[in-house]
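The values are calculated or read from the model by the stated rules, or taken from the named source; none is laboratory data. What you see is a predicted model; the values in this text were computed from it and never measured. Positions of Cβ are generated from backbone atoms using ideal geometry, with glycine treated the same way; all protein chains shown enter the neighbour counts.
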Amino acid sequence: METVEHLLYTKEHEWINIEDGEATVGISDYAQESLGDITFIELPSVGDEVEQFGEFVSVESVKAASDVFSPMSGEVIAVNEDLNENPGMINKSPYEKGWIARIKLSDSEEQSNLMTADEYSKFLVSVG
Amino acid sequence: MKLIFEKSVEGRQGFRNPRSDVGLEGEIPLKYRREKDCPLPEVSELDVVRHFTSLSQRNFSVDTHFYPLGSCTMKYNPKFTETIAAIEGFSNLHPLLPQLNHGEKLVQGALEVLYDMERLLCEITGMDRFTMQPLAGAHGELTGVMMMAAYHKAKGNKKKYIIVPDSAHGTNPATAAIAGYEIVSVNSDENGVMDLEELKEKITDETAGLMVTSPNTLGIFNSDVDKIAEMVHAVDGIMYYDGANLNAILGRCRPGDIGFDVMHINLHKTFSTPHGGGGPGSGPVGVNEKLIPYLPISMVDRRDDGMYYLNYDYPGSIGYLASFYGNFSIILRAYAYIIMAGGEGLKEVSNHAVLNANYIKERLKERFHLAYDRICMHESVFSASKQTERGVHAIDIAKFLIDQNIHPPTVYFPLSVKESIMIEPTETESKQTMDQFIDAMFKADELSQQQPESFHDLPKTTPVTRPDEVKAARDINTNYFQNT
């Protein structure tokens, strides 16, 4: 399963790319693969406050509906509107064009609760 | 097969409405009237009969095929219950009769059925009272959680959360959310039951209650349920029992005896009435003393002179949950089933349901990965993980079974097991039928080794073959008149 080196990951299979107090969030290749073809995504609204590991998005696939949790706390400053029209983009490009939201981070310390790409790869092996 | 709209011929008629002898002009304000005629198909009575008979012949049902749909308890519905439901004194009753002056005298039989059924369900479950109103399981859940909320409100409790384990039915968190609570999820431990340590951490003073499906969706009974009840009751939380899997424990265990305060029963599952596409559900809700004041109105009670009547005198009631008294004719069928089986018979129901599930589990585990290898209750959950490595997923196996004249088991639920296949044979299936199913599953496994690619356009024998599920979900169009 593909991971990207400079991103951080959660146990619930979200990734976050932190740049100067802001961050981009999405779901991992493993998550999109497990969900199968994604048919619908309920995006957050710009201005929403999110908490670390709190629900902020829900995705539906042909198999299941599932919650996506925010890897860190902050305020939503942008969402990937293209996903409304084309949710399958998450399947095609989970780490780039399938990004979900941008967040203005409120607590950079929270990073310590996340996994590096290497740790996440090992975690994936452990969950089978 | 053509749609009925495609059979329409302009001017053809199968039914003529009687002429209205009351002037509707002026009665219905213009703004509520249709501007254009409704584009109903113009067909004869014979066209309609042939169309729907032909559709019904394509049905996949318990009456025609094995239906091991986990979590749904698709058992055979014995036909004598249909005979009873067709008795004219029941089938032709007007539902308003018991609400009219002296009308209750004319419906004593029907009221007695509701009254007696309540007592039977109390005896089976150990609860103190039941409402018959809810029209299905999830409706029962909502009724139960609304009573839970009424209880906390009356006591001035500040409650915010409902705890739901990940092995619960998907409707449980949905119900709690609709009732205005936030959901706290608890994961399963290595034995497939709620992780007690995690639960301990998650119970707080703001816990309104806990919803448990036991046996859970993994077919496993939680033997710590008394401890869990103690923990939840310590913060004045309410224990909710989802009775969807009651078929596994009849006559063996009563939720009311092991700490549950409120529960629903899916009559259409456990007590064998037609459901799914075959008929409406019924989800009576039972409560113990704590919640009696909040039961929906009306309740069927009995006067000193022995007459049954509808009692509306429950001032703390959460109100009406459905029109009239629930799906009466379904309650009636389930009542007949319970009386016919009797106490010993119901115990046998569960014995055989559990035995059958274990038989399938033991035989299939040679070829399919068993999620939790332990004695199961009425159902067990496999994973198609070995087959998935060969490129054949749970969905492909499900479609394969259709071509073998078997209804697919539940797939991709519970979510806690990857590529899950959830199998519930029920007590009404013979060893021969189960062996045919096991043979078909083995055949699927063999084919997954030899020709994994052959699965991808199955089923081939059905009127509708493999749909494009992604397109169906992304570009849904259910309107015949609207072209996409």
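Miscellaneous remarks
- Residues located in segment B:274-290, provided they are touching a strand residue (DSSP E or B) at 6+ places or on another chain (Cβ under 8 Å) and assigned to a loop (DSSP other than H, G, I, E, B): B:Ser282, B:Gly283, B:Pro284, B:Asn288
- So B:Val417, is it assigned to a helix (DSSP H, G or I), surrounded by 12 or more Cβ atoms within 10 Å (Cβ to Cβ), at pLDDT below 95 and of a type outside the set (D, E, K, R): no
- Listed by first and then second residue, the pairs linking a residue in segment B:148-160 that is closer than 18 Å to B:Thr175 by Cβ to a residue that is charged (D, E, K, R) and surrounded by 17 or more Cβ atoms within 10 Å (Cβ to Cβ), with Cβ atoms under 6 Å apart and 6 or more places separating them unless they lie on different chains, are B:His152/B:Lys159.
- Scanning segment B:190-215 for residues that are of a type outside the set (A, V, I, L, M, F, W, C), closer than 27 Å to B:Leu291 by Cα and part of a loop (DSSP other than H, G, I, E, B) yields a count of 5.
- Total residues in segment B:77-134, condition acidic (Asp, Glu), closer than 24 Å to B:Gly343 by Cβ and without any contact (Cβ under 8 Å) to a residue 24 or more places away in the chain: 1
- Count of segment A:10-22 residues which are touching a residue at least 40 places away in the same chain (Cβ under 8 Å), over 21 Å from A:Pro87 (Cα atoms) and more than 14 Å from every other protein chain (Cβ to nearest Cβ): 4
- For B:Ala176: the one exception among (1) assigned to a strand (DSSP E or B); (2) under 23 Å from the mean Cα position of the chain (by Cα): (1)
- Flag if B:Asp305 is surrounded by fewer than 20 Cβ atoms within 10 Å (Cβ to Cβ) and either on the phi < 0 side of the Ramachandran plot or not hydrophobic (A, V, I, L, M, F, W, C) (or both): yes
- Enumeration of residues in segment B:373-407 that are within 14 Å of chain A (Cβ to nearest Cβ) and in a loop (DSSP other than H, G, I, E, B): B:Ala384, B:Gly391, B:His393
- Looking only at residues of segment B:459-477 that are assigned to a loop (DSSP other than H, G, I, E, B) and of a type in the set (Lys, Arg), we find that the one that is farthest from the other protein chains (Cβ to nearest Cβ) is B:Lys460.
- Residue within segment B:421-431 that is within 14 Å of chain A (Cβ to nearest Cβ), at pLDDT 95 or above and buried (at least 18 other Cβ atoms within 10 Å of the Cβ) present: yes
- Per-region count, segment A:23-43, residues in a strand (DSSP E or B), surrounded by fewer than 17 Cβ atoms within 10 Å (Cβ to Cβ) and within 13 Å of another protein chain (Cβ to nearest Cβ): 1
- Residue within segment B:430-443 that is closer than 11 Å to B:Asp396 by Cα and either in the same structural domain as B:Ala398 (by TED's automatic domain parsing) or among the basic types (Lys, Arg) (or both) present: no
- Residue under evaluation B:Ala244, criteria (1) in contact (Cβ under 8 Å) with a residue 24 or more places away in the chain; (2) surrounded by fewer than 18 Cβ atoms within 10 Å (Cβ to Cβ), criterion not met: (2)
- Exactly one residue out of B:Ile292, B:Ile318, B:Ile330, B:Ile297 is of a type in the set (Val, Ile, Thr) and either within 28 Å of B:His378 (Cα to Cα) or not assigned by TED's automatic domain parsing to the domain that holds B:Ile162 (or both): that is B:Ile330.
- Residue within segment B:266-275 that is in contact with a helix residue (DSSP H, G or I) (Cβ under 6 Å, 6 or more places away or on another chain), farther than 23 Å from B:Asn358 by Cβ and either buried (at least 24 other Cβ atoms within 10 Å of the Cβ) or not assigned by TED's automatic domain parsing to the domain that holds B:Leu121 (or both) present: yes
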